[in-house]
């Protein structure tokens, strides 16, 4: 049985010391081991940005694609091999700015993959510009007078787009984050896990302390029921999105793969590429 | 008796013009005639002039006819728009309902036939199309019964009564027209066809069938004219093979999803037209950099921007060869017939895996949507070759080492393993990388990996990179084209030969890497070269000049008004160019 150490490689991340992404890396490694996976059974697909480098820092299959397109790439991988565990990962710019169109449609499509967003409310790799997650008034190099656009709420968007699994974690709580990833992978469908992963270099507002003072766990809210979509939406709005845990899960909805007519039970990558001459003749006859 | 007929039906979009042409031509195809159809349509569902021009012949035909024998008109606009195509002795059959008029003095006969009235009397005015087919059959001296099997196939699911009503409409149209035909109009009796049952399909059908035959089991695509039929066919058929099609949110997702699926081991592709290909440019670069197999179909239409979405053009060529930032190995191929579209599409998946790079499969609207008779397709010719894809178990690697997915090899192609394989773990990234896939920016590694990628296509094996028709050792003229212009060029060639001009023809099927060794001798031996293509800037001519030189003897015949080349266009413009050679202007625009 593989342990979390088996998911480590010898590449030294180029993240700044103290970056929240280290915890996400560790949480993925621990969750993979806890789930009983072997390194070759996992594919980590990532976007572009500081966070996008994560696929290179885990001993598993990894594909570091183009900016904003992590979800199309990851969905293609899963459609080709439904036996692989596919984790997509990227930043808030990747998922909620350039890739927002894909995020919403991946959510409603509900292919069985897990999507982890390392949300630091800023563009780090390009050295500090505003992100769609930056709050109104937030000062950056690209918003020297403060952002005049409001931050978007990924949890509200996910819930309204028909998400079947929505969770939120925080880099300081490795235990909770690991468990959220495990639950996300086990979920039969698309799992969105937004992670507050502070940028210690360019974001001096949304710091570890800032989150610690504000975040509450949904499990601490009396009577919270993650299968209740309306309650989930109300709670997210009430706490301005500053909640962690499994916010919503629909265990009834079938995943995309279970609904595709005729879709192979075995990995499509193993499909027979030839057909019988009779089958070909049958296809040709339709054009006669 | 005639060997060939050109027939056109026209009216307002949405009133069944397409199905009229479909039923007429399918029936004739079943009799063993060779058909070639071209639809004129607009980017709207209802309204606007549309027509379907169909050529019927006892021999194979691959071009739209220059003129017209019979025009069936459901409105006056159809006559006004198309009358100039009719030759002396031609016939217009028009719905009496709109009191049709034709210009005088051309020797064309007008028959006002009560298409709508006859159909209405039989119970449904929509059957006016069937009445028109019946009237046509009278002119052709064909028994109305030849349409029965097609009518059964078309309306059978609506019940026997609907089938019978439609047949009745055909017979009534035939009867009415027979009574009108007097000695002054000759019937156009077609010489008997060979009676062989052949396929009748559009290029997109052949591309889609070729994809499945070539082992494609996943497709991601976004609807667009003129590519959507490919996706629609796979949506219907892939469930039989365990595969799936995803209609994505945009073309970026479509292309990227196909890359993800190919990476994980499925033969996957996408199909689109110019606007979609523009969006895919970055993803195609990713496939090139990560050496992931990928097949992308580009059914060219009128550009730029939204351009002429339902019209013929060949103006994406250079964008397809060069359209991604940076430099990647890439194959750009272009079949010259529907049969080739089938075989080449299957082969595209082999090339993508053997060379581990993107393959752009070019088509154009005329090839993709023109419906034509197709010679039998031989499934035994289809091979599945997966290149250096590793099968079976791999030996263990030293602790935590990556598999060398980007190993430097003499031919530039590295062994490839699929995710899920034990001891095959490696990294894939669009960042420059070392042999293990891990990022590396050292100058030595950059040179080594860049040279490795570029080396892959130095000795590409492509069975027939050029379709050649070489009749002369030293021709007066070499005609060069690609894709659907083949038929028009071949017919123009015959006419030029009759005028005493010695003509050879080269149709380029592999556009990148350019088949220099195949093409150069043809250009060297010709006195003059004329490149026939459907764009305004002579993209293929420029590619030819860049690769084989001889710019001083290369001229262009260009057409970019949205309509396909007619054989007469090519013939006339070549005559003009030859008369004033060396050309004052480098091109002869249509």
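Only the coordinates and a few stated rules stand behind these numbers; no lab work does. In this text, all values refer to a predicted model and were calculated from it rather than measured experimentally. With ideal geometry, Cβ positions are generated from the backbone for all residues, glycine too; neighbour counts draw on all protein chains shown.
The length gained on full extension between residue B:120 and residue B:499, counted as 0.36 nm times the residue separation minus their Cα-Cα distance, comes to 131.2 nm. Full extension of the chain between residue A:225 and residue A:5 gives 75.7 nm of extra length, using 0.36 nm per residue less the Cα-Cα distance. Listed by Cβ neighbour count within 10 Å, with the fewest neighbours leading, A:15, A:210, B:7 appear as A:210, A:15, B:7. Among beta bridges from DSSP that stay inside the range B:281-380, the antiparallel ones total about 10%. Binning the C-alpha pair distances of chain B at 10 Å intervals from 0 yields a P(r) profile of 3, 16, 24, 23, 17, 10, 4, 2, 0, 0 %, listed from the shortest bin outward. Using only Cα atoms, tell me the angle between helix B:228-237 and the longest principal axis of chain B; keep it within 0 to 90° and round to the nearest 10. Here the helix axis deviates by roughly 80 degrees. Of the residues A:16, B:255, the one with the fewest other Cβ atoms within 10 Å heads the list, and the complete ranking is A:16, B:255. Among A:6, B:141, a tally of other beta-carbon atoms within 10 Å of each Cβ gives an order, fewest to most, of B:141, A:6. Volume of the convex hull of the range A:4-285 (Cα atoms only), normalised per residue: 146 Å³. Converting the Cα gyration tensor eigenvalues of the protein assembly as shown into ellipsoid dimensions via √(5λ) gives semi-axes, longest first, of 56, 33, 24 Å.
Averaging over every viewing direction, what projected area does the convex hull of the Cα atoms of the range B:57-215 cover, in nm²?
Averaged projected hull area, Cα only: 11.7 nm².
The spread of Cα positions in the range B:466-589, taken along each principal axis and listed from longest to shortest, comes to 33, 31, 28 Å.
Label sites at residue B:448 and residue A:238, each approximated as a point 7 angstrom past Cα along Cα to Cβ, lie 6.1 nm apart. Over the range B:79-123, the reciprocal of the mean inverse Cα-Cα separation, the Kirkwood hydrodynamic radius, stands at 11.4 Å. With contacts taken as Cα pairs under 8 Å at a separation of at least 6 residues, chain B carries a relative contact order of 12 percent.
If r is the Cβ-Cβ distance from residue A:174 to residue B:325 and R0 is 56 Å, what FRET efficiency results, to the nearest 0.05? Write out the running numbers ahead of the final one.
On the way: r = 39 Å, r/R0 = 0.70.
About 0.90, to the nearest 0.05.
Averaged over the residues of peptide B:377-383, the number of Cβ atoms from other protein chains lying within 10 Å of each residue's Cβ is 3. Per residue, the average separation of C-alpha pairs within less than 8 Å and at least 6 apart gives the range B:4-180 a relative contact order of 19 percent. Against the main long axis of the alpha-carbon atoms of chain B, helix B:486-498 sits at an angle near 70°.
Extending 7 Å from Cα along the Cβ direction at residue A:274 and again at residue A:217 yields two label points whose distance is 5.8 nm.
Mind giving me the FRET efficiency for residue B:84 and residue A:156? R0 is 41 Å, r the Cβ-Cβ distance, nearest 0.05 is fine.
0.10
Size descriptors for the range A:55-122, from the alpha-carbon set: Rg then Dmax equal 11.5, 35 Å. Mind pulling the angle between the C-alpha long axis of helix B:128-139 and the longest principal axis of chain B? Nearest 10 degrees, somewhere in 0 to 90. Result, in degrees: 70. Computing FRET efficiency as 1/(1 + (r/R0)^6) for residue A:281 and residue B:45, where r is the C-beta to C-beta distance and R0 is 30 Å, gives about 0.25.
Per the Debye formula on identical point scatterers at the alpha carbon atoms of the range B:388-462, with no solvent, log10 I(q)/I(0) at q = 0.23 Å⁻¹ is -1.09.
Taking 7 Å steps out from each Cα toward its Cβ at residue A:135 and residue B:476 produces label points 8.3 nm apart.
A helix-only calculation puts chain B at -11000 deg cm²/dmol for mean residue ellipticity at 222 nm, using -39500 (n - 2.57) for each DSSP H run of at least four residues, averaged over all residues.
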